[in-house]
Each structure stands twice: as C-alpha cells, then as structure tokens.
Amino acid sequence: MADMIKLTIDGREVQSPEGVNLIDAAELAGIHIPNLCYLKGMKGIGACRLCLVEIEGIKTPMIACTTKVKDGMVVNTKTEKVQELRKFVIDLILSMHPLDCMTCTKAGVCNLQKYAYDFELKESSFTRKKFGYPIDEANPFIKRDPEYCILCGRCVRVCKYQGTNVLDFMGRGVGAKVITAMDRPLQESGCTFCGSCVDVCPVNALLEADRWRKGREWEYEKINSVCLLCGNGCDITISIKDGKVAKVNAGASEGSTERYICAYGRFGFDSIEAQTRLTSPMKRVGGELKETTWDDAISIVAGKLKKASASAGFISTAGIMNEDALVLKQLAFVVKSKNLDTTVSLYADADSMKSGIADIEEADLILLAGLNPNQWKRVLPALDAVIRRKVNSQAKLIVINSGEPDISSVAEVTLKGDEARILSELARALISKGIKASKEMAESISGVEPSEEVIKAAELFVTAKEPLILSAPSLYDASANIAMLKGKAVSVPIESNAKGVVLMGLVGEGKSYKEMVNDGMGVLYVIGELPLSKRPNTDFLVVQNSHLTELAKQADVVLPSASFLESSGTIVDYLGRLKYLCKAVEPQGDAKSHREIFIEISKAMGKEIKAPKEADINKALKIKTKAVLKPFKKKEGFDIDVGEMIELINASIINGSRLLWLKETERAVAV
C-alpha cells in the first residue's frame, strides 16, 4: 500500500496516497477538477488542457492529470486565471461542435454541455466550423459521428489499452480526426463491438446505434447486475425505461481494469423479446407442442418425476444462480434421484472449481496456463481485455500453452509445449531460486531440468510481489502446486456460475451428464440451454428454458423460465467473488424463475421447499480446502472447444438479437 501524504486543495487539507495525480487526489476530498480527456486508472496525457490548476511556488498553471501530488503541496483549482483558461478551451471546442443540446441523446450526461453551462457559454465567440464528416452507422451496434468529436482521445486510448487497436488519430490540429484503419466502417476494421469507446466518450460522438428517442439519461432507472453469458461474469449496469431494457453498460468501478463487457453482454438483451421467447408452458399433444397452463404443466412434470424416482435425471447449465442451484438440489432429493449433474462436468472436475479467492487488480504478474482468451473470437473476452490492460499498466505476463494463443503477443515469456511438464519445470526453477518448498514437492520434481526460457519465467515469478496463476481447469492441480510455493492460483471456467453450482452441491453422486444423455433415463429434466440439439435417450423430456431451443422443440413438456435480466440472485465468479444480480425487468409473459418452478413442482409432489436465504448461500460457500501436493499432470476428459461451447450455450441470445448480424458478418468476412 502506498504511503499517505498531506496537501492542501482549495484551502482544504487532503490526505492522499503518494504518487497519484491531482485529479484523483482532489476527488478524494470531493473536489472536481474539470477535465475531458482523463480516464481514471490510466496515465494522464494532458490533451484537453481543461484541468489546469495553480500550485503555490510554481509560476505557470500545471496540468492536474499529469502532475503527481507532493507532501505539503498547496493547490488552487478555481482561481480567476485557470477559470479564464478553461472558459477559453470550452469556447474553442464549442466553435467546432454542433449546438443541438435540446435534441441530443447525450444531453444531461454530456461533459461538454456541463462545462458550457458552468461557464455560461450559450454559443462560441469564435467563427463556427463544420467539417461535414460522414456518419458511420452501417452496423446495428455503434453509431460514430465525427461531427461531435472533441478529439479528447478517450476512445483511442481505451481501445489501445485493451489491445483492440481499432481507433487512432489522423491529421493534426483543427483538421484532426479519429478514424479506423483507412477510415473504413467499424465492421470492416476488426472492431469487436465491445462498446468500451461508447462508455468513455464524453459527448455524442460514439453512441449505441439504437439509442435515438429511446429516452434521456435522467429518465433511466439504473440497475447494477452481472452478465451470465460466459465464465467472466462481468459487472453490468442496466438502464431501464418503461419497464424495458434501453441499454447495458460496463458496471465495474471507474478506473478498474475489469471495467469491460463484450458485444454479447452489451447487446444481447434484445433476445428478451425474441420470437423464440417462451412465455407460457407447453406440452406435447398428438406429436405437437401446444400451450397449456402452469397448473397442468406442473402436474404432468410432478407426476412423471414421482413415478420415475431414481430413474429420473437432472442436467443444468452452470448459468443458473446459486439460489436456483440450492433449490434444484432439494428437488432432486424430493424425487429421490441421485442423477444430478451440470455442464461443468464437460470441462472441469469439482475440485478445480473450489480454487479460492483472488484479486486480479492487485496482481503484478499473471501466469496464464492452458487458457486462450480472445476478444475477437469472444472466448472469455473480458479476461483477454483485463490481461492486456494489466500488461499496459506494467504487469508481467507469462503464457504456458501447447498452442499459440493470440494473448502471447503481449507476454514477457511464452512457454510452448506440454503445459503440465512446463509447470513442473517452473516449480523446479523456483526452488532453485531459493523459494521454500516441502520435502515432498522437492523430491517429486528432483529429476526435472528446467529450460532457459522456464528459468527466465521463474526469475519474473520470484521478483513479483503478487503473482496470480489463471489456469484451465484441467491444469489446476499443477498450477496449485506452483501457488504452494508463491502466489495464488484459480481455475477459469467456461460458464459464469460454474464455481457457484459446484459449491451449492450440484455434483452428482449418480449418473454424469454424458451418461444421462447417452444411457437412457425414465425422465430427463433439462435446465437452461445445453450444448445439445438432439433429443437424448429418454422416455420423457422436460426442458426448462427462456427460449424455444432445438432441444426444447423435441421435449414433451416445456417450462418457460426467466432470463438472467429478469431474475435476482447471486453467483460466484471465476475469481471466487460472490456477486449479486438484481432483477432489471419483469419476466416475459408467464415465465418464472428457475427456483419458483422447482418449488412448485416439489409442492405438487407433496413436499414443501422453502426459497433459500442469504445465510443458506453463505453456509454453502464456507468450504475449507487444504493445499495438498498433487501430480504435475493434465487431467484428461476435459478437452473441449471453449469458443464453440460458449456459442452453443448462448445460441438463443445470439440468434434472437442483433448479435446474429455480427455472427453472419464475421462469417462473410472470413470466407
């Protein structure tokens, strides 16, 4: 932790961590220093010259975003001189900016509008300039209007910071412009449509493509929640108007390297009202699925489960919440079936999902073992972005992989080959560098000879203060062995609540996922969207999902469930943190939450199940795991195409929203 120093800002004594800039220090005291180009968490560049302040002992005004605090410093942020300079800057910007605030979508949250108001500027005193730049709006995600651009550079910087490098400056001075390569449309530029540029744009230059007349910012109800579409479990902020989702933005705190969401998380909400959306229960009548009542559907399912008993099976995705998982476990107990499993078993063992808690913000070295996160292919894209941001903030990256992941382009050391063997070499090298190890570990790898590249990686690992190992589940045991020497290790699953469902007890004692699908069941109850389109070998199939999937079309009974935006609950993310989801909108039609449906079925079977409380969740999370040396081996049976899996479990989201356009466009470009 940084040492604290004292300084005076506008006559107030402020305590601030040593090394921060004046904008952040002033914020600690509730003092706002006007700025347009500064991005919290990134190095200041002083592009807008709006954050000028006066410091006693220094003749000329200083740029607050690039000036570090010093003990005893006396700063004045609102002197007549700096106010005049700021007014001059805003006046100049207004001369090149459309003055249509009355109808502008960003009115109310536009920083330029705010500062113009503060300085009482209705229009510019300079000759107005209009460039006539064309609008880039050929895609359904992001509208880019250069006429509104104030050249603050935020979009360019955030794009480079996360490694996508789509936007950059062209030209100099008044005629400068933010462009893509060759000034081509976004969809032809390699843009991932993550929308990070939209989140940081202080004006109306970058905006969601469908925002026009969908409400002003002050009309929105803001709800903090979590995206459940992949293993990253990103924080999101949902804007609601008239009971509908208007937009979704990144929800992590400002300045956090985790302040990112991908195109799926930002634009997939369209699927809530997709044509495939299930709004009422259905049952098979004469070979066709027809709508029925909840009472009828519940009665049928309860009767079938009661009759099947031990021959009934339950398979769930790991995208359900902890509360749903606890109630599902109780329902299986009521049915007297031990056949309970989740999609987690396709890519991980239960032990690897109990890997503890870690803080990626604190990590100064990241070791990536067997993982291939990729923003462009939307394979754990947030992890890819976070790692690239960490590297751009001076953290070191070591990649261990049998293939050639794109993320290795920013790695300090890339070790290609058998991952488990390389990890054993790393352990041997760390011990040789003086890291203390148990006698058992030292003996187990005494015959291992580390390569020169592994020794180089070990040197980085030894000098790091907070090393963090992010591992594929199949390599978690070997990675955890390294963490016994130094640092922390966590396994990264494919699904958002994989760790949560395991901790809640959805670990089957009976048949596994694959066995239930292939061996034949009396009743098979499927929850969520599985990577499965062909009807399994079962006498009776129940599908409980928010959309009518290919599998649901083959079911005997279909139960409509609420989407994650329509539900409240908790999950455990890949770093082991408990996260809270808040219901943003009401479920479509007669759809119900997973746990409500389970409770009603159990009641129809003559057994009451109570909805779990927060104490029940906390109790399930209290699992102590002891670090035990395990073989440096890669676990078999968990090889799976991560990208394909993510696409399959989100097929309804993709095909029922504007994301389908993105999918088809990318395929066309690839041909």
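The values are calculated or read from the model by the stated rules, or taken from the named source; none is laboratory data. Quick caveat, the model's predicted, so the values are computed rather than measured. Neighbour counts are summed over all protein chains in view; Cβ atoms, including those assigned to glycine, are modelled from backbone coordinates with ideal geometry. Please note that ligands, DNA and RNA were not included when accessible areas were found on the heavy atoms of the full protein model with its side chains. Shrake-Rupley method; radii C 1.70, N 1.55, O 1.52, S 1.80 Å.
Here the spin labels are modelled as points 7 Å beyond Cα on the Cα-Cβ line, and at Asp168 and Arg284 they lie 5.8 nm apart. Divide the volume of the convex hull around the Cα atoms of segment 1-80 by the residue count and you get 87 Å³ per residue. Summed over all non-identical Cα pairs, the Kirkwood treatment of segment 184-296 gives a radius of 16.6 Å. Within the chain, DSSP assigns beta bridges of which about 50% are antiparallel (rounded to the nearest 5). Taking every DSSP beta bridge with both residues inside segment 542-627, roughly what % is antiparallel (nearest 5)? Counting only bridges with both partners in segment 542-627, antiparallel ones make up about 45 percent. In segment 432-576, the C-alpha radius of gyration followed by the widest Cα-Cα span (Dmax) gives 22.2, 63 angstrom. What's the local net charge at Ala297, with K and R +1, D and E -1, over the other residues with C-beta under 12 Å away? Residues close to Ala297 contribute a combined charge of -1. Taking Lys130 as the anchor, which aspartates and glutamates have their alpha carbon closer than 12 Å to its alpha carbon, excluding any fewer than eight residues away along the same chain? Leaving aside aspartates and glutamates fewer than 8 places away in the same chain, those within reach of Lys130 are Glu147.
Cross-link partners for Lys241 among the lysines, with Cα-Cα distance under 27 Å and sequence neighbours closer than 8 places in the same chain left out: Lys106, Lys114, Lys143, Lys214, Lys222, Lys579, Lys583, Lys592. Taking all protein chains as they are arranged and a probe of 1.4 Å, the heavy atoms of Lys338 leave approximately 130 Å² accessible to solvent. Using alpha carbons only, the radius of gyration of segment 550-671 set against its Kirkwood radius gives Rg/Rh = 1.04. Full extension of the segment from Glu404 to Ser253, taken as 0.36 nm per residue of separation minus the current Cα-Cα distance, would add 51.1 nm. In segment 487-536 the Cα-Cα distances spread across 5 Å bins starting at 0 as 4, 13, 23, 23, 18, 10, 4, 3, 1, 0 percent of all pairs. Between 0 and 90 degrees, rounded to the nearest ten: what's the tilt of helix 452-463 against the longest Cα principal axis of the chain? Approximately 70 degrees, to the nearest 10. Partner lysines whose Cα lies under 29 Å from the Cα of Lys439, excluding those fewer than 8 positions away in the same chain, are identified as Lys354, Lys416, Lys456, Lys465, Lys486, Lys488, Lys624, Lys626, Lys630, Lys633, Lys634, Lys635. The label-point distance for Arg216 and Val20, in a model that sets each label 7 Å from Cα toward Cβ, rounds to 3.3 nm. For segment 610-671, GluC sites (Glu not before Pro) are listed when DSSP marks them as loop and at most 16 other Cβ atoms sit within 10 Å of their Cβ; the list is Glu636. Note: segment 356-450, Cα convex hull, 122 Å³ per residue.
Answer rounded, prolate or oblate for segment 1-158, using the Cα gyration tensor with square roots of eigenvalues a ≥ b ≥ c: rounded when a/c is under 1.5, else prolate when a/b is larger than b/c, else oblate. Cα axes put segment 1-158 in the prolate bin. In angstrom, the C-alpha Rg and Dmax of segment 307-370 are 16.6, 57. Accessible area per residue for segment 382-463 is 46 Å², calculated with a 1.4 Å probe on protein heavy atoms, without ligands, DNA or RNA. Placing a pseudo-label 7 Å from each Cα along the Cα-to-Cβ vector at Lys241 and Val109 gives an inter-label distance of 1.1 nm. Put simply, the C-alpha atoms of segment 250-393 give a gyration tensor, and the ellipsoid matching it has half-axes of 40, 22, 13 Å, longest first. Here the sum of -39500 (n - 2.57) over DSSP H runs of 4 or more residues, divided by the residues of the chain, equals -8000 deg cm²/dmol at 222 nm, to the nearest 500.
Only one item in (1) 27.5, 89; (2) 31.8, 104; (3) 46.9, 147 matches Rg and Dmax of the Cα atoms in Å derived from the coordinates shown, and that item is (1).
Restriction of the GluC sites (Glu not before Pro) in segment 253-331 to DSSP coil positions whose beta-carbon has at most 16 other beta-carbons within 10 angstrom yields Glu254. At q = 0.34 Å⁻¹, what base-10 log of I(q)/I(0) does the Debye formula yield for segment 41-81 when every alpha carbon is treated as an equal point scatterer in vacuo? Here log10 of I(q) over I(0) equals -1.30. How many percent of the accessible area of the chain is carbon or sulfur, using a 1.4 Å probe? Ligands and nucleic acids excluded, carbon and sulfur reach 50 percent.
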